[in-house]
There are 2 protein chains.
Amino acid sequence: MTAADTTSSRAVAALREGFIDDLFVTDPEITVSFSRDRTGAYFGLPLAIARPRSAGEVSAILIRCAKLGLGVVPQGGLTGLVGAAVSDSVSPEVVIRFDRMSAVRSVDPIGYAMVVEAGCVLETAKQAAEAEDCLLPITFGSQGSCRIGGNIATNAGGFNVLRYGMTRDLVLGLEVVLPDGRVWDGLRTLRKDNRGYDLKQLFIGSEGTLGVVTAAALKIFPRPSQVQTALVGLRSTADAMRLYAKARRGCSDLLSAFEFMLRDGVELAFSHRPALTDPLETVCPVYVLMELSAGGAVDLPRVLESCLEAAGDLVVDGVIASSQAQAERLWSLREAMVEAQSRDGPYYRTDVSVPITSIPAFLDAALAELAASLPEGRPIAYGHVGDGNIHLNVVPPPGASEEERKTLFRRAEDLIFGVVDRFGGSISAEHGVGRSKKRAFLERVDPVTLDLFRTLKHVFDPTGFLSRGRIFDD
Amino acid sequence: MTAADTTSSRAVAALREGFIDDLFVTDPEITVSFSRDRTGAYFGLPLAIARPRSAGEVSAILIRCAKLGLGVVPQGGLTGLVGAAVSDSVSPEVVIRFDRMSAVRSVDPIGYAMVVEAGCVLETAKQAAEAEDCLLPITFGSQGSCRIGGNIATNAGGFNVLRYGMTRDLVLGLEVVLPDGRVWDGLRTLRKDNRGYDLKQLFIGSEGTLGVVTAAALKIFPRPSQVQTALVGLRSTADAMRLYAKARRGCSDLLSAFEFMLRDGVELAFSHRPALTDPLETVCPVYVLMELSAGGAVDLPRVLESCLEAAGDLVVDGVIASSQAQAERLWSLREAMVEAQSRDGPYYRTDVSVPITSIPAFLDAALAELAASLPEGRPIAYGHVGDGNIHLNVVPPPGASEEERKTLFRRAEDLIFGVVDRFGGSISAEHGVGRSKKRAFLERVDPVTLDLFRTLKHVFDPTGFLSRGRIFDD
């Protein structure tokens with residue numbers, strides 16, 4: 001047994017003392033499963049995994065860890081992609097998992113609200129809403145694994161932000177355990193409540209650094225009974241913006257998705273899934289995948305058709321899905337493109353945003369600079385137009401060494417983030433800063449903002465033991 | 001000249017020193033106009049009125065006032081109804097007005113965003129959006145006087161919250177001068193930006209206690225080209241909730257207002273404006289005023305009709321406005337009811353919220369208790385069903401003395417707020433706490449929340465000179 005092992009066993013013994021035996025798991029064969037996030041880039045074996053059953057137990061864990069000087073990090077489904085929820089590898093942390101706090105407490109189909117515990121898997125919460133013919137509109141690829149607590153801590157985005165907003169916009173109330181162990185009870189379903197500061201906003205998107213979310217009240221919506229999906233081919237990203245502005249108007253805020261892809265990405269999808277065929281006769285430089293959803297009384301096919309008619313010659317070619325199966329085929333083009341990027345190993349991914357009207361100029365500039373400076377990388381750009389959110393990724397050449405990839409990734413980041421800066425954009429639109437974007441964030445943040453971040457962190461967590469080093473350093 | 005006058009002149013001289021002459025107005029004949037809010041209950045002649053032209057001047061004013069130990073309060077249109085923006089009467093404050101910072105800086109009809117200065121009158125901002133065929137959806141009675149800075153500081157609500165959210169939901173970015181004079185630049189139109197803590201949320205709804213909002217970026221929407229309005233008579237408030245749940249579903253989130261009134265209120269309206277006639281043949285205990293709005297391609301009349309058909313025998317009687325004039329007549333019923341309450345002098349008004357599904361039980365309980373304990377008062381209840389927001393007011397008997405009114409108001413408040421507490425509601429849904437609800441707020445707030453409020457206030461404003469004594473005491 002090494003000296004480090006001894007220190008670690010002592011710490012574990014002190015941590016466990018007086019608690020029910022099964023509150024902590026320390027067997028490395030189990031804890032290793034919660035040591036790596038989906039990017040694969042962050043690995044850290046925790047000192048222990050805590051599995052609380054209640055906010056009271058979370059409180060007791062935080063008080064104990066603070067007393068012992070142990071770091072703590074709350075963990076959701078490990079799908080955040082910025083390395084925030086994995087234990088530090090040098091100073092192992094106590095990871096709190098919420099698999100025992102995963103109940104759907106209530107679904108109210110008249111007041112359109114539901115209450116869930118932090119550990120509830122998003123998909124489970126969505127199904128509970130659907131069982132009452134309602135919609136919890138947080139929607140993205142990892143919804144089968146991510147947990148509500150993580151969605152709130154990261155203010156998760158997704159496909160339907162255009163229509164329903166970010167996770168922040170859907171939170172009516174929260175229960176949060178503060179770093180000092182006090183439980184803040186803001187778990188209410190009130191739609192309007194202007195009694196002073198809206199404290200819950202502080203915790204949403206704070207990536208677990210200011211408190212631990214244990215339960216949430218969320219807005220839900222009538223579940224749309226109709227969906228219309230179209231793939232439209234256009235001449236340019238500027239035309240995609242024009243179509244977006246017209247479509248929001250013409251579709252009367254019934255647009256639930258408006259995704260763009262470039263021809264390059266579509267071809268990558270074809271090469272990855274040979275069964276996919278070009279859905280349009282004309283090859284176009286830019287494609288938009290539009291989705292509208294509505295309740296029964298709206299003639300949704302007519303709304304979509306008249307919107308596309310009104311778009312006139314903006315639309316070069318297009319197809320409206322005549323069945324759900326066809327709609328799924330159109331979406332599978334986008335899925336295949338996303339999958340194809342990682343076929344030959346890791347690729348560089350971004351999650352940036354710019355003001356919506358700047359999307360065409362941003363893309364032109366970034367793609368031109370990538371072509372000039374990093375011709376070996378294959379840029380793939382797609383995104384959520386209505387949110388100004390672009391995933392501009394770079395796929396390395398096949399057979400690139402790890403060293404070559406690293407260099408390419410670093411140069412791509414400097415280049416793309418530099419262009420984002422010129423357009424007043426954000427280097428993290430929906431995934432957060434975590435650890436993977438900390439350097440880039442700190443290079444750009446203005447001193448007043450950073451000072452306020454540090455001040456708030458110090459107020460809530462003076463010793464900085466909760467999610468230490470995420471977003472910024474104390 | 002009294003000793004107090006001398007102190008005051010010295011303070012004014014010290015305040016003015018080195019600034020351009022016209023930055024401060026101290027002539028009481030002018031400052032008196034900004035000394036009373038719309039409720040009439042709060043009066044305070046300010047030490048001076050500051051009229052800055054820029055965030056830089058706001059900063060200089062705050063630094064100077066902090067140095068001199070003078071209190072400062074930012075003031076919008078004085079329509080907040082909770083006494084927050086009027087100078088204290090005992091310790092006169094420096095009131096900052098924003099009439100020189102009232103520009104609409106930009107309106108972007110493609111990105112659906114606009115940037116305005118804090119002093120912009122809401123109506124002016126709405127008109128600027130309309131000129132680009134867009135909608136700034138903050139809508140309420142005082143929109144011709146209130147200013148955007150005040151809307152943000154109070155997180156204003158209104159008629160269209162059901163569809164478009166509170167002011168908070170519409171804010172994309174803010175510029176704020178902190179109490180220490182630093183300018184925090186968060187003025188961005190990005191729709192998605194997850195770079196750490198969302199600092200702007202702290203200032204929205206903080207009633208001017210944490211910083212001074214000087215400019216804002218706001219979400220705007222396509223301007224609806226069609227509106228449908230209906231007045232529906234129902235048997236009970238419980239049926240109004242059932243209709244609401246069905247209408248949200250049946251109208252596919254195109255509902256822009258869903259207001260309820262009781263028969264008592266409708267009769268009060270008739271007595272106030274004799275030209276108004278009963279719009280329905282059947283006298284009903286409960287009425288709902290529904291409004292739907294949409295763009296051109298939706299067959300909105302059909303959506304409304306099929307929604308009401310699907311409601312079946314929930315609907316006792318109803319009328320759909322066949323013209324804008326008829327729609328205005330339906331709305332005028334509500335306006336007349338609101339006006340009629342103050343015909344014979346001040347009345348007691350509330351602005352409470354409960355979970356939507358609790359509205360019927362809350363109203364039954366509160367009205368029964370009012371009838372039993374305060375039979376001399378006439379309760380008038382109306383509100384925004386979709387937000388759980390009820391204005392349950394009490395009109396004193398004609399000829400009541402000021403003393404009788406005061407007693408009635410105090411007893412009505414204790415009684416109504418007591419019922420709100422039982423239903424887990426809020427004593428301030430959309431107007432804020434200010435000074436008028438401070439006592440009631442402090443009696444109810446939990447210690448963790450109050451401690452966090454005080455901690456945040458202390459962090460931003462350690463000497464407590466900005467909007468002192470609003471919401472809570474330091």
Practice problem: With r as the distance between the Cβ atoms of B:Thr277 and A:Asp278 and R0 = 51 Å, compute the FRET efficiency 1/(1 + (r/R0)^6) and round to 0.05. | Solution: 0.20
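Among the GluC sites (Glu not before Pro) within region A:4-92, which fall in a DSSP loop and have no more than 12 other Cβ atoms within 10 Å of their own Cβ?
Values: sites: A:Glu17, A:Glu29, A:Glu57; in loops: A:Glu17.
Taking region A:4-92 and a limit of 12 other Cβ atoms within 10 Å, the loop GluC sites (Glu not before Pro) found are A:Glu17.
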Quiz item: Where Rh denotes the Kirkwood radius from the mean inverse Cα pair distance, what is Rg over Rh for region A:305-374?
Solution: 1.06
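Convex hull over the alpha-carbon atoms of region A:103-155: what's its volume per residue in Å³?
Numbers: hull volume 3.8 nm³, N = 53.
That works out to 71 Å³ per residue.
Loop-only GluC sites (Glu not before Pro) in region A:373-434, please: DSSP not H, G, I, E or B, and at most 14 other Cβ atoms within 10 Å.
Numbers: sites: A:Glu376, A:Glu402, A:Glu403, A:Glu404, A:Glu413, A:Glu430; in loops: A:Glu376, A:Glu430.
Listed in order of number, the matching sites are A:Glu376.
If you roll a 1.4 Å probe over the protein assembly as shown with all protein chains in place, what percent of the accessible area is carbon or sulfur?
For the protein assembly as shown, the apolar C and S fraction of the accessible surface comes to 52 percent.
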Self-check item: Förster radius 30 Å - calculated FRET efficiency between A:Ser323 and B:Val227 (Cβ-Cβ, nearest 0.05)
Solution: 0.30
Exercise. Ignoring ligands, DNA and RNA and using a 1.4 Å probe, state the total buried accessible area between B and A in Å², rounded to the nearest 100.
Key: 7200 Å²
Quiz item: Taking the label point 7 Å from Cα in the Cβ direction, how far apart in nm is B:Glu376 from each other copy of itself, listed shortest first?
Solution: 8.9
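Could you state, as a whole-number percent, how many of the C-alpha pairs of the protein assembly as shown are farther apart than 56 Å? Mind dumping the intermediate values first?
Details: 54994 of 448878 pairs.
Looking at the protein assembly as shown, the distances longer than 56 Å represent 12 percent of pairs.
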Quiz item: Looking at region A:99-140, which residues lose a minimum of 40 Å² of accessible area between their chain alone and all protein chains in place, measuring with a 1.4 Å probe and not counting ligands or nucleic acids?
Solution: A:Ile110, A:Tyr112
Practice problem: Any chance you could list the semi-axes, whole Å, largest first, of the equivalent ellipsoid that the Cα gyration tensor gives for region B:127-257, using √(5λ)? | Solution: 33, 17, 15
Self-check item: Residues of region B:370-408 with amide N under 14 Å of a point placed 7 Å along Cα→Cβ from B:Glu267
Solution: B:378-381
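Residues of region A:315-409: accessible area per residue at 1.4 Å, in Å²? Mind showing how you got there, number by number?
Numbers: 3800 Å² over 95 residues.
Dividing the accessible area of region A:315-409 by its residue count gives 40 Å².
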Quiz item: Regarding region A:3-101, what is the average projected area of its C-alpha convex hull, in nm²?
Solution: 6.1 nm²
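What number, in nm² with one decimal, is the all-direction average of the projected area of the convex hull of the alpha-carbon atoms of region A:417-462? Can you show the working numbers first?
Details: hull surface 15.2 nm².
Computed as one quarter of the Cα hull surface, the answer is 3.8 nm².
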Exercise. Per residue, how big is the convex hull around the C-alpha atoms of chain B? Give it to me in cubic angstrom, could you?
Key: 160 Å³
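Given the alpha-carbon gyration tensor of region A:279-408, what are the semi-axes of its equivalent ellipsoid in whole angstrom, ordered largest first, with each equal to the square root of 5 times an eigenvalue?
Numbers: eigenvalues 219, 61, 37 Å².
Whole-Å semi-axes of the equivalent ellipsoid: 33, 18, 14.
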Quiz item: If you draw the axis that swings chain B onto chain A, which residue of B has its Cβ closest to it, and how far is that in whole Å?
Solution: B:Gln201, 2
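Using only the Cα atoms of region B:54-166, construct the convex hull and provide its projected area averaged over every direction, in square nanometres to one decimal.
7.9 nm²
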Practice problem: Set the Förster distance to 30 Å, then compute FRET efficiency between A:Ala3 and A:Ala41 from the Cβ-Cβ distance, nearest 0.05. | Solution: 0.55
Quiz item: In straight Cα distance, which lysines are under 23 Å from B:Lys67, not counting same-chain residues fewer than 8 positions off?
Solution: B:Lys457
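What does the convex hull of the Cα atoms come to per residue for region A:323-474, in Å³? Write out the running numbers ahead of the final one.
Details: hull volume 23.7 nm³, N = 152.
Cα-based convex hull of region A:323-474, divided per residue, equals 156 Å³.
The values are calculated or read from the model by the stated rules, or taken from the named source; none is laboratory data. Just so it is clear, the structure is predicted and the values come from calculations on it, not from any experiment. Counting neighbours? That spans all protein chains shown, and the Cβs are built from the backbone with ideal geometry, glycine included. With ligands, DNA and RNA removed, areas are computed over all heavy atoms of the protein, side chains included. Shrake-Rupley method; radii C 1.70, N 1.55, O 1.52, S 1.80 Å.
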